[in-house]
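Structure record follows, encoded as structure tokens.
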Amino acid sequence: MSTFTIDTATSRATPSPVPGKRMTVPAIRARKKDGKTEQPLVMLTAYTMRMAQLLDPHCEVLLVGDSLGQVIYGLPSTVPVTLEMMCAHGAAVVRGSWHSLVAVDMPFGSYEGSPEQAFASASRILKETGCAAVKLEGGEAMAETIDFLTHRGIPVIGHVGLTPQAVNVLGGYGARGKSSDEAKKILADAKAVDQAGAFLIVVEGVMEEIANKVTAEVKAPVIGIGASAQCDGQVLVTEDMLGLFERTPRFVKRYADLASEIGTAAAKYRQEVIDRGFPTADQTYRPKS
């Protein structure tokens with residue numbers, strides 16, 4: 001699928017793009033036929049209205065990830081992220097997009113207690129943001145919850161392999177599936193999430209062979225991150241992909257170096273202010289002659 005164009009320019013004065021037909025859950029699910037996806041799905045994270053506007057023409061899915069805890073708020077992990085944070089940023093991303101399906105992460109502690117707790121949290125997210133789906137971490141342990149949500153009108157994206165919300169149990173962010181037992185568990189988790197009704201499954205930080213096996217053996221499209229090029233699609237944290245951080249995970253490819261460009265622009269601005277070279281006549285208001 002080619003990229004899309006927005007008919008009118010956007011700015012701070014006119015922040016919302018032209019309304020259009022969004023990608024839907026059935027359309028996303030239908031991209032995988034007979035176990036294969038001819039054209040991979042493109043997913044990126046977005047946390048703000050403006051970033052959503054810029055990414056929306058190029059993505060099938062925009063994910064409001066709980067990674068915003070680290071990227072936006074400077075938190076040490078995703079664990080402290082709250083429902084309030086996710087709802088505020090999710091609503092902004094929905095306002096800034098028109099084509100992509102928008103999904104919002106359910107933060108740690110908002111769904112693990114029971115299916116009923118998960119429904120209360122997920123329904124709040126959908127109501128307050130206008131998004132189309134939620135994402136939650138966990139495999140077999142979350143299958144009952146995923147089934148509960150999907151049968152009550154809430155589309156769910158699953159997430160198996162490396163699950164960042166469980167960093168305290170896992171002991172770090174290293175790749176998973178290195179041992180035979182761990183590989184079997186990842187596959188079992190993916191199948192459980194698939195059978196429970198997840199319409200997409202994110203597989204993160206796993207050995208390539210395991211990602212390929214999961215992709216081949218589940219019905220739902222599989223989105224890889226640090227997984228395999230053979231997955232049904234890919235996702236990255238946008239700020240990592242754009243080179244806004246000096247350190248990034250091994251699986252990230254930088255498509256730009258915006259950190260350096262921003263630094264250069266700020267330094268130039270500083271010097272012009274000090275030299276009184278800014279503002280010029282073009283940026284100041286004077287009486288008309």
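This table checks each residue for (1) closer than 30 Å to Ala103 by Cα; (2) in contact with a Lys or Arg (Cβ under 9 Å, 6 or more places away or on another chain); (3) touching a residue at least 40 places away in the same chain (Cβ under 8 Å).
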{"site": "Asp240", "(1), (2), (3)": "yes, yes, no"}
{"site": "Glu246", "(1), (2), (3)": "yes, no, no"}
{"site": "Arg250", "(1), (2), (3)": "yes, no, no"}
{"site": "Leu258", "(1), (2), (3)": "yes, no, no"}
{"site": "Gly263", "(1), (2), (3)": "no, no, no"}
{"site": "Tyr269", "(1), (2), (3)": "no, no, no"}
{"site": "Ala281", "(1), (2), (3)": "no, no, no"}
{"site": "Tyr285", "(1), (2), (3)": "no, no, no"}
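Can we say Gly113 is of a type outside the set (S, T, N, Q) and without any contact (Cβ under 8 Å) to a residue 40 or more places away in the chain?
Values: of a type outside the set (S, T, N, Q): yes; without any contact (Cβ under 8 Å) to a residue 40 or more places away in the chain: yes.
In short, yes.
Any residue at all in region 53-67 that's open to solvent by 50 Å² or more (accessible area, probe 1.4 Å) and over 25 Å from Arg124 (Cβ atoms)? So far as region 53-67 goes, yes, one or more of its residues are open to solvent by 50 Å² or more (accessible area, probe 1.4 Å) and over 25 Å from Arg124 (Cβ atoms).
Take Leu83 and tell me if it is open to solvent by 10 Å² or more (accessible area, probe 1.4 Å), at pLDDT 95 or above and touching a Lys or Arg at 6+ places or on another chain (Cβ under 9 Å). Write out each step before concluding.
Values: open to solvent by 10 Å² or more (accessible area, probe 1.4 Å): yes; at pLDDT 95 or above: yes; touching a Lys or Arg at 6+ places or on another chain (Cβ under 9 Å): yes.
The answer is yes for Leu83.
Among the residues of region 26-51, those identified as in contact with a helix residue (DSSP H, G or I) (Cβ under 6 Å, 6 or more places away or on another chain) and either of a type outside the set (A, V, I, L, M) or part of a loop (DSSP other than H, G, I, E, B) (or both) are Thr45, Ala46, Tyr47, Thr48. Among the residues of region 231-273, write down those that are within 19 Å of the chain's Cα centre (by Cα), open to solvent by 30 Å² or more (accessible area, probe 1.4 Å) and among the polar types (S, T, N, Q). Across region 231-273, the qualifying residues are Gln234, Thr248.
Using beta carbons and a limit of 8 Å, which pairs, at least six apart or on different chains, have the first residue in region 127-154 and among the charged types (D, E, K, R) and the second one modelled with pLDDT under 95 and assigned to a loop (DSSP other than H, G, I, E, B)? What qualifies is Glu137/Thr163. Just checking, does region 169-182 include any residue being under 20 Å from the mean Cα position of the chain (by Cα), surrounded by fewer than 23 Cβ atoms within 10 Å (Cβ to Cβ) and under 30 Å from Met49 (Cβ atoms)? So far as region 169-182 goes, yes, one or more of its residues are under 20 Å from the mean Cα position of the chain (by Cα), surrounded by fewer than 23 Cβ atoms within 10 Å (Cβ to Cβ) and under 30 Å from Met49 (Cβ atoms). Inclusion of Ala118 among residues that are closer than 23 Å to Ala46 by Cβ, crowded, with 23+ Cβ neighbours inside 10 Å, touching a strand residue (DSSP E or B) at 6+ places or on another chain (Cβ under 9 Å) and of a type in the set (Gly, Ala, Ser) is not warranted.
Inside region 54-65, can you point out the residues that are over 24 Å from Pro107 (Cα atoms) and in contact (Cβ under 8 Å) with a residue 24 or more places away in the chain?
Filtering region 54-65 down to residues over 24 Å from Pro107 (Cα atoms) leaves 54, 57-58.
Scanning region 54-65 gives Pro57, His58.
Residues of region 194-219 that are of a type in the set (Gly, Ala, Ser), surrounded by 24 or more Cβ atoms within 10 Å (Cβ to Cβ) and closer than 19 Å to Met23 by Cα: Ala198 alone.
One line per residue, one yes/no per condition, for (1) acidic (Asp, Glu); (2) over 23 Å from Ala143 (Cα atoms); (3) not in a helix (DSSP H, G or I):
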| site | (1), (2), (3) |
| --- | --- |
| Tyr73 | no, yes, yes |
| Cys87 | no, yes, no |
| Trp98 | no, yes, yes |
| Val102 | no, no, yes |
| Gly109 | no, no, yes |
| Gly113 | no, no, yes |
| Ala118 | no, no, no |
| Ile125 | no, no, no |
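Within region 168-184, residues that are among the hydrophobic types (A, V, I, L, M, F, W, C) and assigned to a helix (DSSP H, G or I) reach partners that are modelled with pLDDT under 70 and open to solvent by less than 100 Å² (accessible area, probe 1.4 Å) with beta carbons closer than 9 Å, at six or more positions or on different chains, in the pairs Ala183/Gly177. For region 123-136, taking the residues that are closer than 17 Å to Ile201 by Cβ and either over 13 Å from the mean Cα position of the chain (by Cα) or hydrophobic (A, V, I, L, M, F, W, C) (or both), the one that is most open to solvent (accessible area, probe 1.4 Å) is identified as Ala132.
The values are calculated or read from the model by the stated rules, or taken from the named source; none is laboratory data. All values derive from a computational prediction rather than experimental measurement. Ideal geometry is used to build each Cβ from the backbone, glycine not excepted, and the neighbour counts take in all protein chains shown. Just so you know, the surface numbers come from the protein's heavy atoms only, side chains and all, with ligands and any DNA or RNA stripped out. Shrake-Rupley method; radii C 1.70, N 1.55, O 1.52, S 1.80 Å.
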